[in-house]
Amino acid sequence: MRLTPDSLSETLVRRLRSCRLFDGMDDARLAEVARLCSWQNLQPGQIAAGCSQGTFFIVCHGRMRVSALAPNGRELLLADFERGAHFGGISVLGASAATLQAQALDASLLACLEREDFMQLLRQDAVLGGQLVEALRTVTEQLVSRVIELGILKIPGRLCSHLLELAKAAGVQDNQATIEPAPRHVDLAARIAASREEVSRELARLRQLGLVTSTRQKLVVQDVEALEQRLLDL
């Protein structure tokens, strides 16, 4: 069935409505935003275009992973973004000189706003500007926490910290937590700014201590309290 202009507009508005940044914006105004957007359909593993060009991205469907790339090609995972989230605000405002990459973890649909269009929206809509400021405050707090972690903790400590974070997200019961699916070594390495080999060595050490067990499908933290104590001792 061929979409009429009105039904297409309604579809695009529904897609954007999932983004918390547009809470409170009426459908007519959101339709204007939709007309400014370009759209990217990405399959798992594909890289979004425009990350280095000051584009603002809205995840209308799927899940995206944003990483910073060092000149030597080493990757530092910054965050994962699910449906309703947005990223690129810092670069749109011209406050980032980092080389960023956004990769689809699942089949994803992105709404993309160019810098000039997004800045015009902010000038016209004080509520939207306030929403963005609040979102950037949260992102800044998270990034500061990451910088402190990277600066204070060595690789064993960073791995323990991240495993505890994953364990708590998965749910701790009887001092144990099952993380499914098991995180890949390459993803852990990107998250804690280490090499895959360093991650493998530290996981082997944690297995020897009886703190974790793992299969291809899952990683089990056998003693959450002991892992917390190890982090304090490092």
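The values are calculated or read from the model by the stated rules, or taken from the named source; none is laboratory data. A quick note: this is a predicted structure, and the numbers were derived from the prediction, not measured. Positions of Cβ are backbone-derived with ideal geometry, glycine not excepted, and every protein chain shown enters the neighbour counts. Accessible surface is based on the protein model in full, side chains and every heavy atom, while ligands, DNA and RNA are left aside. Shrake-Rupley method; radii C 1.70, N 1.55, O 1.52, S 1.80 Å.
Tabulated data for the structure shown
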{"read-out": "Scope region 49-64; condition touching a strand residue (DSSP E or B) at 6+ places or on another chain (Cβ under 7 Å), farther than 21 Å from Arg17 by Cα and surrounded by 14 or more Cβ atoms within 10 Å (Cβ to Cβ); matching residues", "value": "Ala49, Gly50, Cys51"}
{"read-out": "Residue within region 84-100 that is touching a residue at least 60 places away in the same chain (Cβ under 8 Å) and surrounded by 18 or more Cβ atoms within 10 Å (Cβ to Cβ) present", "value": "yes"}
{"read-out": "Some residue of region 203-212 being β-branched (Val, Ile, Thr), free of Cβ contacts under 8 Å to residues at least 40 places away in the same chain and farther than 15 Å from Leu77 by Cβ", "value": "no"}
{"read-out": "Flag if Val133 is out of contact with any Leu (no Cβ under 8 Å at 6 or more places or on another chain), modelled with pLDDT of 90 or more, in a helix (DSSP H, G or I) and open to solvent by 30 Å² or more (accessible area, probe 1.4 Å)", "value": "no"}
